[in-house]
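A.B. asks: This is the structure I have questions about; it appears just below.
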Amino acid sequence: MDKEHAFDDTNEKKIYEAFKEKDWNEIRVNDSWVIFKIMGEFVTGFEKMSKIGPCVSIFGSARTKPGSEYYKMASDIANKLTQQGFGIITGGGPGIMEAANEGAHRGNGKSVGLNIDLPFEQHANPFIDSDKNILFDYFFVRKVMFVKYSQGFVVLPGGFGTLDELFEALTLIQTFKIGKFPIVLVGSHFWDGLIDWIKKILLEKENNISAPDLDLFKVVDTADDAVKIIVDFYTKYTLKPNF
């Protein structure tokens, strides 16, 4: 079965399952096991990540090919950050994630992969430290690990998943749920359209955000500029990562 038909088949099953009538005992048993599974993922994640030290999360597409501009840039950013004492956290898969883990590995820095069990695309890349490769079933548990143990976020071009991770970080900072850690968007050509929409529609037309919210992120076009924003941010607080 090809990818498209497999997706349609899985999607249809999920839709029918949502409308299926269940008795109370079935609901109680199924939901109870789900709760324990979620708790288990949180416990495993907290135990493995709690002593990991200062890290920067790098987000981006799993579909980015080795040798491409952004693949090379992700690797370069990760490598330069490890020279400044930061570990690197990625989603653990191919593409930008693989590039970032490769850069961290090449720089002898901590290389963390928060992998997710997906039917397509996702598989652990070979540059993750063996003791820091964590597999999740639930996106929301995985996202907690990203934001809880990161001291900065670097976002390269990506798809829905990358945008989800970006706006999760922005929302948590905007609502003071986490500190105002630096968020760096790499590639102005890629991000300019989205930022223009945010300014013209969200801010000016609909007034759904405030002008200071635009200061929650910076846009750069080079690895050096991305790293400089992270380093300068912590220099301001006279803090320096130290493993």
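A.B. asks: List, please: which pairs have Cβ atoms under 7 Å, are six or more places apart or on different chains, and start with a residue in the range 64-85 that is surrounded by fewer than 19 Cβ atoms within 10 Å (Cβ to Cβ) and end with one that is charged (D, E, K, R)?
C.D. replies: Pairs found: G85/K240.
A.B. asks: Turning to a different aspect of this structure: For residues that are small (G, A, S) and modelled with pLDDT under 95, scanning just the range 46-61, find the one that is surrounded by the fewest Cβ atoms within 10 Å (Cβ to Cβ).
C.D. replies: S50
A.B. asks: In the range 39-54, what residues are in contact with a Phe, Trp or Tyr (Cβ under 6 Å, 6 or more places away or on another chain) and either at positive phi or not in a loop (DSSP other than H, G, I, E, B) (or both)?
C.D. replies: Selection gives E41, M49, G53.
A.B. asks: On the given criteria, is A62 among the hydrophobic types (A, V, I, L, M, F, W, C) and not in a loop (DSSP other than H, G, I, E, B)?
C.D. replies: Judged against the criteria, A62 is not a match.
A.B. asks: Take the residues of the range 123-179 that are among the acidic types (D, E) and surrounded by 15 or more Cβ atoms within 10 Å (Cβ to Cβ): which is farthest from A78 (Cα to Cα)?
C.D. replies: E168
The values are calculated or read from the model by the stated rules, or taken from the named source; none is laboratory data. Owing to the predicted nature of the structure, the values given are computational and were not obtained by experimental measurement. Cβ coordinates were reconstructed from backbone atoms using ideal geometry, including for glycine residues, and neighbour counts include every protein chain displayed.
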